[in-house]
Amino acid sequence: MKRNYFVVLLLLVSKLAIAQFLTPTSYKGAFAPAPTAMWTDQLTL
């Protein structure tokens, strides 16, 4: 019985881990300075 719970838990965790990396993302305009200024413009070292 414990093995069944372990297998179900393992499948659930693996599905959640895979979902992190397989989500489609649009990077269109991600590096453009418009319409707002880049967050690094205010950065001082």
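The values are calculated or read from the model by the stated rules, or taken from the named source; none is laboratory data. All values reported here derive from a predicted model rather than from experimental measurement. For accessibility, only protein heavy atoms count, side chains too; no ligands or nucleic acids. Shrake-Rupley method; radii C 1.70, N 1.55, O 1.52, S 1.80 Å.
The listed residues 6, 21 rank as 21, 6 when sorted by accessible area, largest first, using a 1.4 Å probe. Along region 7-12 the Karplus relation, 6.51 cos²θ - 1.76 cosθ + 1.60 evaluated at θ = phi - 60°, assigns HN-Hα couplings of 5, 5, 5, 5, 5, 5 Hz to successive residues, with x for each Gly and Pro.
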